[in-house]
Amino acid sequence: MTISLLGAGEIREIAESLELHPAKSLGQNFVIDSNTCQKIVRLAVVNQGDHVVEIGPGIGSLTLALLQATDKVTAIEIDERLAQQLPITALSHGVPKGHLQIINDDAMKVFDIPGTPTKLVANLPYNVSVPVLLSMLERFPTITSGVVMVQTEVAERLAARPGSKTYGVPSAKAAWWTDMILADSVSRSVFWPVPNVDSSLVKFIRHEPLGDETLRRITFDLIDRAFGQRRKMLRAIYSDIYGGSGSAETALASAGIDPTSRGESLSVEKFAAIAKQLDRR
(Lines give C-alpha, C1' and ligand atoms only; values in the text may rest on other atoms or scores of the structure.)
Protein backbone atom coordinates (compact mmCIF):
# COMPACT_ATOMS: atom_id res chain seq x y z
CA MET A 1 0.00 0.00 0.00
CA THR A 2 1.33 3.43 -0.96
CA ILE A 3 1.87 5.94 1.85
CA SER A 4 0.09 9.20 1.05
CA LEU A 5 1.03 12.60 2.45
CA LEU A 6 -1.03 15.19 4.28
CA GLY A 7 -2.43 18.28 2.60
CA ALA A 8 -3.06 21.68 4.19
CA GLY A 9 -6.83 21.14 4.36
CA GLU A 10 -6.54 17.78 6.10
CA ILE A 11 -4.04 19.16 8.61
CA ARG A 12 -6.51 21.86 9.62
CA GLU A 13 -9.32 19.29 9.81
CA ILE A 14 -7.31 17.07 12.16
CA ALA A 15 -6.40 20.07 14.31
CA GLU A 16 -10.07 21.09 14.46
CA SER A 17 -11.15 17.56 15.42
CA LEU A 18 -8.67 17.63 18.30
CA GLU A 19 -9.76 21.15 19.26
CA LEU A 20 -6.11 22.00 18.82
CA HIS A 21 -4.97 25.59 18.70
CA PRO A 22 -1.23 25.66 17.90
CA ALA A 23 0.62 26.72 21.06
CA LYS A 24 3.38 29.30 20.91
CA SER A 25 4.74 27.92 24.19
CA LEU A 26 5.42 24.58 22.46
CA GLY A 27 6.66 26.16 19.24
CA GLN A 28 3.82 24.57 17.29
CA ASN A 29 4.13 25.75 13.70
CA PHE A 30 3.03 22.82 11.55
CA VAL A 31 4.48 22.23 8.07
CA ILE A 32 1.57 22.08 5.62
CA ASP A 33 3.57 21.73 2.38
CA SER A 34 4.33 18.13 1.39
CA ASN A 35 7.02 19.18 -1.10
CA THR A 36 9.00 20.78 1.73
CA CYS A 37 8.71 17.59 3.77
CA GLN A 38 9.99 15.48 0.89
CA LYS A 39 12.87 17.91 0.32
CA ILE A 40 13.92 17.54 3.97
CA VAL A 41 13.88 13.74 3.64
CA ARG A 42 16.04 13.96 0.49
CA LEU A 43 18.53 16.30 2.15
CA ALA A 44 18.78 13.90 5.09
CA VAL A 45 19.43 11.02 2.64
CA VAL A 46 16.98 8.75 4.47
CA ASN A 47 17.11 5.18 3.17
CA GLN A 48 15.46 1.87 4.00
CA GLY A 49 17.21 0.52 7.05
CA ASP A 50 17.62 3.92 8.69
CA HIS A 51 16.02 4.33 12.10
CA VAL A 52 14.97 7.98 12.10
CA VAL A 53 14.17 9.98 15.22
CA GLU A 54 11.74 12.84 14.68
CA ILE A 55 11.19 15.42 17.42
CA GLY A 56 7.87 17.26 17.53
CA PRO A 57 6.07 15.48 14.68
CA GLY A 58 2.92 17.48 15.31
CA ILE A 59 0.12 16.37 13.00
CA GLY A 60 2.46 14.19 10.96
CA SER A 61 3.40 15.93 7.70
CA LEU A 62 7.11 15.18 7.92
CA THR A 63 6.49 11.85 9.66
CA LEU A 64 4.63 10.45 6.65
CA ALA A 65 7.32 11.70 4.26
CA LEU A 66 9.95 9.94 6.38
CA LEU A 67 7.90 6.72 6.37
CA GLN A 68 7.86 6.79 2.58
CA ALA A 69 11.65 6.40 2.74
CA THR A 70 12.15 4.08 5.72
CA ASP A 71 10.16 1.57 7.75
CA LYS A 72 11.49 2.71 11.13
CA VAL A 73 10.57 6.10 12.61
CA THR A 74 10.47 7.03 16.28
CA ALA A 75 8.51 10.22 16.88
CA ILE A 76 8.92 12.11 20.16
CA GLU A 77 5.85 14.26 20.84
CA ILE A 78 5.21 16.21 24.05
CA ASP A 79 1.52 16.97 23.31
CA GLU A 80 -0.61 14.00 24.40
CA ARG A 81 -3.41 14.71 21.92
CA LEU A 82 -1.00 14.73 19.00
CA ALA A 83 0.83 11.64 20.28
CA GLN A 84 -2.47 9.72 20.37
CA GLN A 85 -3.62 10.98 16.97
CA LEU A 86 -0.40 10.37 15.05
CA PRO A 87 -0.63 6.54 14.77
CA ILE A 88 -4.27 6.87 13.65
CA THR A 89 -3.26 9.32 10.92
CA ALA A 90 -0.34 7.08 9.90
CA LEU A 91 -2.53 3.99 9.54
CA SER A 92 -5.14 5.87 7.53
CA HIS A 93 -2.40 7.03 5.14
CA GLY A 94 -1.06 3.56 4.45
CA VAL A 95 1.69 3.16 7.06
CA PRO A 96 1.98 -0.53 8.08
CA LYS A 97 1.76 -1.32 11.79
CA GLY A 98 5.13 -1.44 13.50
CA HIS A 99 6.81 1.12 11.25
CA LEU A 100 6.09 4.05 13.59
CA GLN A 101 6.69 4.19 17.33
CA ILE A 102 5.62 7.14 19.48
CA ILE A 103 7.27 8.46 22.62
CA ASN A 104 4.89 10.85 24.39
CA ASP A 105 7.38 12.94 26.35
CA ASP A 106 9.55 16.03 26.41
CA ALA A 107 12.57 15.35 24.17
CA MET A 108 14.84 16.80 26.87
CA LYS A 109 13.73 14.00 29.19
CA VAL A 110 14.20 11.12 26.74
CA PHE A 111 17.27 9.05 27.58
CA ASP A 112 16.30 5.79 25.91
CA ILE A 113 14.98 5.06 22.41
CA PRO A 114 14.14 1.41 21.65
CA GLY A 115 16.31 0.13 18.83
CA THR A 116 19.34 1.87 17.35
CA PRO A 117 18.52 5.34 15.99
CA THR A 118 20.75 6.36 13.09
CA LYS A 119 19.36 9.71 11.90
CA LEU A 120 17.64 12.76 13.36
CA VAL A 121 15.18 14.68 11.19
CA ALA A 122 13.03 17.31 12.86
CA ASN A 123 11.22 20.62 12.76
CA LEU A 124 12.52 21.83 16.11
CA PRO A 125 10.58 24.27 18.29
CA TYR A 126 12.31 27.64 18.10
CA ASN A 127 12.45 28.19 21.85
CA VAL A 128 14.33 24.97 22.70
CA SER A 129 16.03 24.00 19.44
CA VAL A 130 19.68 24.28 20.56
CA PRO A 131 19.42 22.43 23.90
CA VAL A 132 17.28 19.70 22.31
CA LEU A 133 19.72 19.17 19.44
CA LEU A 134 22.82 19.16 21.67
CA SER A 135 21.22 16.77 24.16
CA MET A 136 20.26 14.34 21.39
CA LEU A 137 23.81 14.37 20.02
CA GLU A 138 25.16 13.74 23.51
CA ARG A 139 22.75 10.96 24.50
CA PHE A 140 22.50 9.03 21.23
CA PRO A 141 25.94 8.52 19.66
CA THR A 142 24.47 6.10 17.08
CA ILE A 143 22.78 9.08 15.37
CA THR A 144 25.33 9.71 12.64
CA SER A 145 23.64 12.44 10.59
CA GLY A 146 20.47 14.41 10.09
CA VAL A 147 18.64 17.56 9.11
CA VAL A 148 16.89 19.95 11.47
CA MET A 149 14.66 22.89 10.66
CA VAL A 150 15.22 25.80 13.02
CA GLN A 151 14.90 29.56 13.13
CA THR A 152 17.34 31.04 10.58
CA GLU A 153 19.18 33.00 13.26
CA VAL A 154 19.75 29.75 15.18
CA ALA A 155 20.75 27.90 12.01
CA GLU A 156 23.41 30.51 11.27
CA ARG A 157 24.78 30.21 14.81
CA LEU A 158 24.93 26.41 14.63
CA ALA A 159 26.82 26.45 11.34
CA ALA A 160 29.08 29.44 12.16
CA ARG A 161 32.86 29.19 12.06
CA PRO A 162 35.38 30.76 14.49
CA GLY A 163 35.89 34.45 13.89
CA SER A 164 32.44 35.14 12.43
CA LYS A 165 29.91 37.41 14.13
CA THR A 166 27.45 34.55 14.62
CA TYR A 167 30.00 32.14 16.15
CA GLY A 168 29.21 31.33 19.78
CA VAL A 169 28.26 28.66 22.29
CA PRO A 170 25.94 26.67 19.95
CA SER A 171 28.55 26.63 17.16
CA ALA A 172 31.42 25.52 19.38
CA LYS A 173 29.48 22.86 21.28
CA ALA A 174 27.80 21.36 18.21
CA ALA A 175 31.25 21.08 16.59
CA TRP A 176 32.35 18.72 19.38
CA TRP A 177 30.25 16.00 17.76
CA THR A 178 29.40 17.12 14.23
CA ASP A 179 30.15 19.15 11.13
CA MET A 180 27.16 21.44 10.50
CA ILE A 181 26.27 23.27 7.31
CA LEU A 182 23.42 25.53 6.24
CA ALA A 183 21.52 23.40 3.73
CA ASP A 184 18.57 25.55 2.60
CA SER A 185 16.10 28.23 3.58
CA VAL A 186 12.39 27.58 4.15
CA SER A 187 9.54 29.91 3.23
CA ARG A 188 7.28 31.08 6.05
CA SER A 189 4.29 30.18 3.88
CA VAL A 190 4.85 26.42 4.34
CA PHE A 191 3.83 26.69 8.01
CA TRP A 192 0.52 26.93 9.79
CA PRO A 193 0.23 29.21 11.60
CA VAL A 194 2.69 31.38 9.69
CA PRO A 195 5.60 32.20 12.04
CA ASN A 196 6.98 35.70 12.40
CA VAL A 197 10.56 34.47 11.90
CA ASP A 198 12.44 32.91 9.01
CA SER A 199 13.46 29.25 9.05
CA SER A 200 16.39 27.32 7.61
CA LEU A 201 17.58 23.74 7.32
CA VAL A 202 20.84 22.66 8.96
CA LYS A 203 22.47 19.41 7.92
CA PHE A 204 24.93 17.66 10.20
CA ILE A 205 27.29 14.69 9.94
CA ARG A 206 28.82 13.19 13.07
CA HIS A 207 32.55 12.81 13.44
CA GLU A 208 34.59 11.24 16.22
CA PRO A 209 34.29 13.31 19.43
CA LEU A 210 37.41 15.20 20.48
CA GLY A 211 37.76 13.27 23.71
CA ASP A 212 35.98 11.44 26.50
CA GLU A 213 33.09 12.70 28.61
CA THR A 214 35.37 14.23 31.26
CA LEU A 215 37.19 16.27 28.63
CA ARG A 216 33.88 17.31 27.03
CA ARG A 217 32.56 18.68 30.32
CA ILE A 218 35.72 20.69 30.94
CA THR A 219 35.71 21.96 27.34
CA PHE A 220 32.06 23.01 27.51
CA ASP A 221 32.69 24.86 30.79
CA LEU A 222 35.54 26.74 29.13
CA ILE A 223 33.27 27.59 26.18
CA ASP A 224 30.53 28.89 28.49
CA ARG A 225 33.03 31.05 30.39
CA ALA A 226 34.57 32.45 27.21
CA PHE A 227 31.29 33.49 25.61
CA GLY A 228 29.83 34.69 28.90
CA GLN A 229 32.47 37.44 28.88
CA ARG A 230 33.00 38.06 25.19
CA ARG A 231 34.89 41.34 25.54
CA LYS A 232 37.54 39.96 27.86
CA MET A 233 40.78 38.28 26.87
CA LEU A 234 41.11 34.60 27.72
CA ARG A 235 43.86 35.22 30.30
CA ALA A 236 41.40 37.36 32.28
CA ILE A 237 38.44 35.00 31.80
CA TYR A 238 40.38 31.96 33.01
CA SER A 239 42.40 33.71 35.73
CA ASP A 240 40.19 32.33 38.52
CA ILE A 241 40.78 28.76 37.28
CA TYR A 242 44.55 29.17 37.36
CA GLY A 243 44.82 31.44 40.41
CA GLY A 244 45.75 34.61 38.56
CA SER A 245 46.09 36.08 35.08
CA GLY A 246 49.85 35.45 35.01
CA SER A 247 49.40 31.73 35.62
CA ALA A 248 46.53 31.68 33.12
CA GLU A 249 48.73 33.34 30.51
CA THR A 250 51.48 30.75 31.00
CA ALA A 251 49.00 27.85 30.85
CA LEU A 252 47.29 29.15 27.72
CA ALA A 253 50.60 29.66 25.97
CA SER A 254 51.65 26.11 26.84
CA ALA A 255 48.42 24.90 25.20
CA GLY A 256 49.32 26.82 22.05
CA ILE A 257 46.72 29.54 22.62
CA ASP A 258 47.39 33.29 22.45
CA PRO A 259 46.47 34.53 25.98
CA THR A 260 45.23 37.84 24.54
CA SER A 261 42.74 36.17 22.19
CA ARG A 262 39.00 36.07 22.79
CA GLY A 263 36.56 33.17 22.74
CA GLU A 264 35.07 33.91 19.34
CA SER A 265 38.43 33.24 17.66
CA LEU A 266 38.82 29.73 19.09
CA SER A 267 37.67 26.53 17.44
CA VAL A 268 36.33 23.74 19.63
CA GLU A 269 39.66 21.95 19.07
CA LYS A 270 41.47 24.87 20.71
CA PHE A 271 39.07 24.91 23.64
CA ALA A 272 39.73 21.17 23.96
CA ALA A 273 43.49 21.84 23.96
CA ILE A 274 43.03 24.14 26.96
CA ALA A 275 40.83 21.50 28.60
CA LYS A 276 43.51 18.84 28.11
CA GLN A 277 46.09 21.10 29.69
CA LEU A 278 43.72 21.64 32.64
CA ASP A 279 42.96 17.94 32.95
CA ARG A 280 46.67 17.13 33.29
CA ARG A 281 47.14 19.44 36.28
*Calculate how many DSSP beta bridges within the range 62-209 are antiparallel, expressed in % of all such bridges and rounded to the nearest 5.*
60 percent
_A 25 angstrom limit on the alpha carbon distance is what I want to check against. Which of 232/276; 39/109; 39/165 exceed it?_
39/109; 39/165
*residue 229: net charge of surrounding residues, Cβ under 15 Å, Lys/Arg +1, Asp/Glu -1, itself excluded?*
+2
_Cα-centred dipole magnitude for the range 144-251, charges only on beta-carbon of K, R (+1) and D, E (-1), debye, nearest 20_ = 280 debye
_Of all DSSP beta bridges in the chain, antiparallel share, percent nearest 5_ = 55 percent
*Farthest toward the dipole's positive end in the chain, which of 110, 8, 135, given Cβ charges of +1 (Lys, Arg) and -1 (Asp, Glu) about the Cα centre?*
135
*Highest-MSF residue in the chain out of 123, 196, 35 [GNM, Cα springs under 10 Å]*: 196
_the range 80-167, relative contact order in percent, only Cα pairs under 8 angstrom and at least six apart counted_ = 25 percent
*Kindly report, to the nearest 10 Å², the accessible surface of residue 233 as traced by a 1.4 Å probe over protein heavy atoms only.*
60 Å²
*Would you pull out the residues with amide H under 5 Å of residue 103's amide H, same chain only if 5 or more places away, H placed 1.01 Å from N?*
75, 76, 77
*To the nearest Å, what is the center-to-center distance of the range 42-87 and the range 179-210, using C-alpha atoms only?*
17 Å
*What is the chain's relative contact order, in percent, from Cα pairs under 8 angstrom and six or more apart in sequence?*
15 percent
*Run the 1.4 Å probe and let me know the accessible area of residue 3, rounded to the nearest 10 Å².*
20 Å²
*Once every DSSP H run of n ≥ 4 in the chain is given -39500 (n - 2.57) and the sum is divided by its residues, what mean residue ellipticity at 222 nm do you get, rounded to the nearest 500 deg cm²/dmol?*
-12000 deg cm²/dmol
*Counting only protein heavy atoms, what percent of the accessible surface of the chain is carbon or sulfur at a 1.4 Å probe?*
50 percent
*Using a 1.4 Å probe, what is the accessible area per residue for the range 198-281, in Å²?*
50 Å²
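The values are calculated or read from the model by the stated rules, or taken from the named source; none is laboratory data. Just so you know, these numbers come straight off a predicted model, no measurement behind them. With ideal geometry, Cβ positions are generated from the backbone for all residues, glycine too; neighbour counts draw on all protein chains shown. Side chains included, ligands, DNA and RNA excluded: accessible areas come from the protein's heavy atoms. Shrake-Rupley method; radii C 1.70, N 1.55, O 1.52, S 1.80 Å.
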